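Undergrad: First the structure, then my questions, so here it is.
Derivation of every value follows stated rules applied to the coordinates shown; laboratory data play no part. All values reported here derive from a predicted model rather than from experimental measurement. Every residue, glycine among them, receives a Cβ derived from its backbone with ideal geometry; neighbour counts consider all protein chains shown.
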Amino acid sequence: MKLSALTAVTALLLGLLLFAAVCHAGDPAARAQYGSSPHTDSGDCSLCHVAPPEKLRSWFAFASTKKEMKGGPVQVCQTCHGSGFGHATGSMTAINRAKLPLAVDGTITCATTCHQMHIHTDDPQQTFYRLRLPADSLCLSCHDK
Ligand code: HEC
Ligand code: HEC
Ligand code: HEC
């Protein structure tokens, strides 16, 4: 894709993201099936985690235990969100300026590359979408302007 076209599409996507944030539309298909967002501090941890909540909140559990997921870092999200929601995953990225965490095989994942499910920042868009970085710098980590 040409750079100018990518910039236009990126601007459009960012606009959509902002629009969605304002209207609080996350993933209408997931909401229709599972109700309101489970991604709250009091939500069901076992949707994604193997370890029980007591262990997740304990000082004495290994980080590796806390990070053990019920599926791969793409599949654990696609179980509910399907594959049409969000950005392309499973591809390699030529550029990774911000050193975003990739899967062991170097491909882009939902759960660890762009999202950080437990993030809280002053940026409402970043917090709502649980983005590892603010949206603009996130995209520019792999895409040119
Ligand atoms: C939608 C999926 C999902 C749900 C639901 C979820 N988490 Fe997580 N959690 C993750 C992911 C993804 C990671 C990061 C894994 C990695 O870095 O490899 C993580 C990491 C963690 C960690 C490790 C430290 C950190 O922040 O990286 C803790 C502790 C944790 N979660 C606690 C919880 C608790 C407590 C709940 C329930 C209130 C919960 N999680 C619900 C996806 C989820
Ligand atoms: C049990 C099903 C389920 C799983 C698993 C799940 N989600 Fe969700 N997610 C939902 C539902 C339901 C909503 C609310 C959709 C709405 O209100 O539009 C949502 C909303 C979201 C939103 C919009 C913000 C919000 O809280 O409304 C993001 C971003 C998101 N999910 C990312 C993820 C990621 C990344 C993963 C994997 C780490 C994941 N989800 C796993 C069901 C799930
Ligand atoms: C970790 C690297 C990475 C990040 C972060 C990233 N992208 Fe991408 N993006 C890619 C790669 C690699 C492709 C090519 C995917 C393919 O063709 O399989 C791509 C493709 C695209 C496309 C082309 C559509 C398509 O599916 O081929 C658009 C538009 C796009 N990205 C927009 C964005 C936006 C907007 C953001 C920020 C919200 C973003 N990207 C964040 C790596 C990234």
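Undergrad: Could you grab me the full set of residues in region 63-91 that are among the hydrophobic types (A, V, I, L, M, F, W, C), more than 15 Å from Gln116 (Cα to Cα) and either in contact with a Cys (Cβ under 9 Å, 6 or more places away or on another chain) or part of a loop (DSSP other than H, G, I, E, B) (or both)?
TA: If the condition is that a residue be among the hydrophobic types (A, V, I, L, M, F, W, C), more than 15 Å from Gln116 (Cα to Cα) and either in contact with a Cys (Cβ under 9 Å, 6 or more places away or on another chain) or part of a loop (DSSP other than H, G, I, E, B) (or both), then Phe85, Ala88 are the ones that fit.
Undergrad: Go through Thr79, Thr109 for me and flag whichever is among the polar types (S, T, N, Q) and under 11 Å from the mean Cα position of the chain (by Cα). Before the answer, list the steps.
TA: Working: Thr79 fails: under 11 Å from the mean Cα position of the chain (by Cα).
Exactly one residue qualifies, and that residue is Thr109.
Undergrad: Could you tell me whether Gln125 is surrounded by 16 or more Cβ atoms within 10 Å (Cβ to Cβ), closer than 18 Å to Gly26 by Cβ and touching a residue at least 40 places away in the same chain (Cβ under 8 Å)? Full working, then the answer.
TA: On the way: surrounded by 16 or more Cβ atoms within 10 Å (Cβ to Cβ): yes; closer than 18 Å to Gly26 by Cβ: yes; touching a residue at least 40 places away in the same chain (Cβ under 8 Å): yes.
Yes: the conditions hold for Gln125.
Undergrad: Determine whether Lys70 is more than 8 Å from ligand 3 (Cβ to nearest atom), closer than 27 Å to Ala29 by Cβ, surrounded by fewer than 15 Cβ atoms within 10 Å (Cβ to Cβ) and not polar (S, T, N, Q).
TA: Values: more than 8 Å from ligand 3 (Cβ to nearest atom): yes; closer than 27 Å to Ala29 by Cβ: yes; surrounded by fewer than 15 Cβ atoms within 10 Å (Cβ to Cβ): yes; not polar (S, T, N, Q): yes.
Criteria met by Lys70.
Undergrad: Specify the residue that is nearest to Arg130 (Cα to Cα); the eligible residues are those in region 26-40 that are under 16 Å from the mean Cα position of the chain (by Cα) and in a loop (DSSP other than H, G, I, E, B). Walk me through how you get there before you give the answer.
TA: Quick first cut of region 26-40, residues under 16 Å from the mean Cα position of the chain (by Cα) only: 26-27, 30, 37-40.
Subset that is in a loop (DSSP other than H, G, I, E, B): 26-27, 37-40.
Values: Gly26: 11, Asp27: 13, Ser37: 12, Pro38: 13, His39: 9, Thr40: 11 Å.
If we take residues in region 26-40 being under 16 Å from the mean Cα position of the chain (by Cα) and in a loop (DSSP other than H, G, I, E, B), then His39 is nearest to Arg130 (Cα to Cα).
Undergrad: May I pose another question? Pairs, please: C-beta under 9 Å, at least 6 apart or cross-chain, first residue away from ligand 1 (no atom under 12 Å from the Cβ) and in region 94-112, second among the acidic types (Asp, Glu)?
TA: Ile95/Asp144
Undergrad: If I go through region 63-109 residue by residue, how many of them are out of contact with any strand residue (DSSP E or B) (no Cβ under 8 Å at 6 or more places or on another chain) and farther than 17 Å from Leu140 by Cα?
TA: Number of matching residues: 20.
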